[in-house]
1. Got the relative contact order for the chain handy, in percent, Cα pairs under 8 Å and 6 or more residues apart?
2. Pop the C-beta distance of Q122 and N27 into the FRET formula with R0 = 41 Å and round what comes out to the nearest 0.05.
3. Got the relative contact order for segment 134-235 handy, in percent, Cα pairs under 8 Å and 6 or more residues apart?
4. Among P198, L179, L140, whose Cα sits farthest toward the positive end of the charge dipole of segment 113-262 (+1 at Cβ of Lys/Arg, -1 at Cβ of Asp/Glu, about the Cα centre)?
5. Each residue of segment 155-164 in turn: what ³J(HN,Hα) in whole Hz from Karplus with 6.51, -1.76, 1.60 and θ = phi - 60°, glycine and Pro shown as x?
6. Please report how far the C-alpha centroid of segment 58-89 lies from that of segment 1-25, rounded to the nearest whole angstrom.
7. Given axes a ≥ b ≥ c from the Cα gyration tensor, I'd like to know whether the chain is rounded (a/c under 1.5), prolate (a/b larger than b/c) or oblate.
8. Mind listing the long-range amide H neighbours of S68? Cut-off is under 5 Å, sequence gap 5 or more, other chains count too, H placed in the peptide plane at 1.01 Å from N.
Amino acid sequence: MKGYIKFLIILSVLTLISAGIYYFIVNSALVSLSGIFLAFCYMPIPLVSLLILKFIFKENIDFGSFISIKKLNIKESLYTLFVFTLWVIIIFLLSLILGAINPEFFGHLISNNEELLTLLKQMLGEQAPLSANLPPTPLLLVPISYISAVIAGITINLIFALGEEIGWRGYLVNEFRSLSFIKKYLLIGLIWGLWHSPIILQGYNYGVGNGVLGSLIFVAFCMTFSLLFGMIIERNHNAIYAAALHGMFNGFAGIFVIMLINYNPFIGGAIGIVSILSMIICFGILYILKKKIFKKD
């Protein structure tokens, strides 16, 4: 049996067990701990699966071939930041344009503090800040969130994301190296998306009762996002860069909940159709630039 099949079997078993524990947590008095459980117990499942595969099933896995601090360099770090920045610019431009065309369907970006304060009151109730504590314009929240996301993405979020990326853009990239770029990263994205399904079916990301549609949208999202990861990994096969991009995305995604009126997670925001379109556009631009500006020596 091939190593990646063993990995997927172990991954599936651990995922189902963890999803069962998650179900217990979100349906009990421990619901406030659900986020902590996901960060510390669910996200590291790919890493744990690899460790079981290596040390219990004695599979020959060379972790150094896809994760190495020594292989980090400024050029590839800046390219990772460039990919994230490009996606941020594209998704906000796309959100602005589509929101102007059909604000009821796509949602529209908040343009003044009155709208922001109303939204915060709906979300936070009495804990909402006073108008005097808001920035001069809600648009300032975007660069602030961007900077915070970058910092988080190369520090704490990187550590948690690495528990996933060591499996997806580390081990599986090695195992599927014989496949073409598109097939390889779409397949990895499919696995990545399906791995989320057990918790999405319980209401994670898209809300209770939206699990089936949410799972389908999220699989499509993961497959397109995986192409962006591929543009980074094919330059320097190091899962640390993928973890940084993953961490920056996680740190930035929440801004859309605050910045979009009529927010619909299936349509707008970081995990909806608009985000999928923005990643396709981003991938197209990166593919064109690959041969012109950022071609590796």
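1. Once normalised by length, the contact order is 25 percent.
2. Efficiency, from the Cβ-Cβ distance: 0.95.
3. Rounded, it is 24 percent for segment 134-235.
4. Projecting each Cα onto the dipole axis, the largest value belongs to L179.
5. These are the phi-based 3J(HN,Hα) values: 10, 5, 5, 4, 4, 5, 5, 5, x, 8 Hz.
6. Each part's Cα centre sits 26 Å from the other's.
7. Judged from the Cα gyration tensor, the chain comes out oblate (a/c at least 1.5, b/c at or above a/b).
8. Under 5 Å from the amide H of S68: A239, I240.
Every number here is computed from the coordinates shown, using simple stated rules; none is lab data. As the structure is a prediction and not an experimental result, all values here were calculated from the model. Cβ sites come from the backbone with ideal geometry, for glycine too, and all protein chains shown count toward neighbours.
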